[in-house]
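FYI, it's all coordinate maths here, none of it is from the lab. All of these numbers come straight from a predicted model, not from anything done at the bench. Don't worry about glycine lacking a Cβ; one is built from the backbone with ideal geometry, like all the others, and counts go over all protein chains shown.
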Amino acid sequence: MDKEILITQAIEILDRAGFDISERCYIRPRSFDLIARRDDLLLLLKMLSNIDGLNERTARGVRFLSRHLMGCPLLVGEKTRDQPLERGAVYFRYGVPTLSLRTLEDYLLAGAPPLVYAAHGGLYVRIDGKQLRELRLKRGISLGALASDLGVSRRTVSKYETESMDTSVDVALRLEEIFDQGLLQPVDLFMPPAAEVDPGLIRDNILQHLEGIGFKVFPTEQAPFNAITQDDRMVVLTGVSKFSSAMVKKARLMSSLSEVTMTHSAVIVDGEVKVERIEETVIIKRREIETMDTANEFADLVMEKKE
């Protein structure tokens, strides 16, 4: 499937599921193609026909953005190598949950979360260990008898019950057949990425100044803005650029992204400019920043220009 078709169909699914969807990110390099929100769920989506095309740097970029925007990264694709992605299964590429369009559709539109995940050696599921133990004791089945029926050790069955240890699809189906009851736990797709090492030193002078007046500044990779800047009052998608047609294009995209992520967006430019904002992205002169001594001054200026 062509990537353009993949993205179009994903947008249709998200729209039907009630998500607010940003404009597409056409600017390269990029770690995501679009951002979507429904209530408190924020998704940063990357689309690739072959999911093996995701590289570690791009994955790191989308995980980083997701963590600082309180969202979840998601890769939507069609195949891995020459094999189509299994419907109802979740794959992982460099820590990014990955699934097919149909799996996404089943989850968001039919309320059917995936139960299977792919790992080395095949497909696996997670058993509800507490429920398994209750059913086994209620039926009067010993650990040994159940282990024998499943073709596994007593210790393995004990781990199913006490540690909710993952198992193969075949064993899980046999358990559900024995107890005539569902025991599988869905895969949690929408987990915020774990904390990881942030990018290195802030090299841009303007971003250094923002950090110096009290902001936390997180430089970005493969994004249409240079940093995520935040304090207790606001989160700002922050760009640093000369005024140009390319900057205007980025500012418009940043406006759409900030609306969906419920943040603010600002571009800091050299020289004189005649506009206060481009859509919802405020335009701030470099000299305006250089005279600021506190984060409140920057926050006030952003709100003033937005109004």
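Identify all aspartates and glutamates with a Cα-Cα distance to LYS216 below 20 Å; exclude those on the same chain that are fewer than 8 residues away in sequence.
Within the straight-line limit of under 20 Å, LYS216 reaches these aspartates and glutamates: GLU196, ASP198, ASP204, ASP231, ASP232, GLU288, GLU290, ASP293, GLU297, ASP300.
Name the shape class, rounded, prolate or oblate, that the alpha-carbon gyration tensor gives for segment 3-114, where a ≥ b ≥ c are the square roots of its eigenvalues, rounded holds for a/c under 1.5, and otherwise prolate holds if a/b is larger than b/c and oblate otherwise.
It comes out rounded by the Cα gyration axes.
Please arrange SER258, SER245 by counting, for each residue, the other beta carbons lying within 10 Å of its beta carbon, fewest first.
The most exposed by this proxy come first: SER245, SER258.
If the viscosity is 0.692 mPa s and the temperature 37 °C, what Stokes-Einstein diffusion coefficient in µm²/s follows for segment 123-185 when Rh is the Kirkwood radius over Cα pairs?
Rounded, D is 293 µm²/s.
Have a look at VAL76, ALA110, VAL217 and report the one farthest towards the positive end of the charge dipole of the chain, computed about the Cα centre with Cβ charges (Lys/Arg +1, Asp/Glu -1).
Selected residue: VAL76.
For LYS138, go through the lysines and keep the ones whose alpha-carbon is under 22 Å away, minus same-chain ones fewer than eight residues off.
Filter leaves LYS130, LYS159.
Where does each of SER158, SER100 land when they are ranked from fewest to most other beta-carbon atoms within 10 angstrom?
Ascending number of Cβ neighbours within 10 Å: SER158, SER100.
Looking only at ILE127, ILE228, ILE35, which one moves most when the chain is put into a Gaussian network model with springs between Cα atoms under 10 Å?
ILE127
Which of the following values of percent of Cα pairs over 30 Å apart was calculated from the structure shown: (i) 45; (ii) 32; (iii) 53?
(i)
Residues in segment 41-59, backbone N under 16 Å from the label point at PHE92 (7 Å along the Cα-to-beta-carbon vector): list them, ranges by number please.
Inside the label zone: 56, 59.
In segment 204-268, which trypsin sites (Lys or Arg not before Pro) fall in coil by DSSP and have 13 or fewer other Cβ atoms within 10 Å?
Taking segment 204-268 and a limit of 13 other Cβ atoms within 10 Å, the loop trypsin sites (Lys or Arg not before Pro) found are LYS242.
Find how much the distance from ASP188 to ASP232 grows on full extension, using 0.36 nm per residue of separation minus their present alpha carbon separation; answer in nm with one decimal.
Stretched fully, the ASP188-ASP232 segment lengthens by 12.9 nm.
Would you please classify the overall shape of segment 251-307 from the alpha carbon gyration tensor, given that a ≥ b ≥ c denote the square roots of the eigenvalues, rounded means a/c under 1.5, and beyond that prolate means a/b larger than b/c while oblate covers the rest?
Note, shape of segment 251-307 comes out oblate.
About the Cα centre of the chain, how large is the charge dipole given +1 on each Lys and Arg Cβ and -1 on each Asp and Glu Cβ? Please answer in debye to the nearest 20.
Charge dipole of the chain: 640 debye, to the nearest 20.
Select from segment 243-298 those GluC sites (Glu not before Pro) which occupy a DSSP coil region and have at most 10 other Cβ atoms within 10 Å, ordered by residue number.
Here the GluC sites (Glu not before Pro) that fit, given the DSSP loop and packing criteria, are GLU272.
What FRET efficiency comes out for the pair MET1/SER244, r = Cβ-Cβ distance, R0 = 30 Å, nearest 0.05?
Taking R0 as 30 Å, the efficiency between MET1 and SER244 is 0.25.
Counting other beta carbons within 10 Å of each Cβ, put MET47, MET70 in order, fewest first.
Result, fewest neighbours first: MET70, MET47.
Please tell me the relative contact order of the chain in percent, rounded to the nearest whole number, where contacts are Cα pairs under 8 Å and at least six residues apart.
Dividing the mean separation by the residue count of the chain yields 15 percent.
Using a Förster distance of 51 Å, how high is the FRET efficiency between ALA110 and ARG155, based on the Cβ-Cβ distance and rounded to 0.05?
0.85
Radius of gyration and Dmax for segment 104-261's Cα atoms, expressed in Å?
Cα radius of gyration and Dmax of segment 104-261 are 25.3, 75 Å respectively.
Along the Cα-to-Cβ line of GLU290, 7 Å from the Cα, sits a label point; which residues in segment 266-281 have backbone N less than 15 Å from it?
Label zone hits: 268-273.
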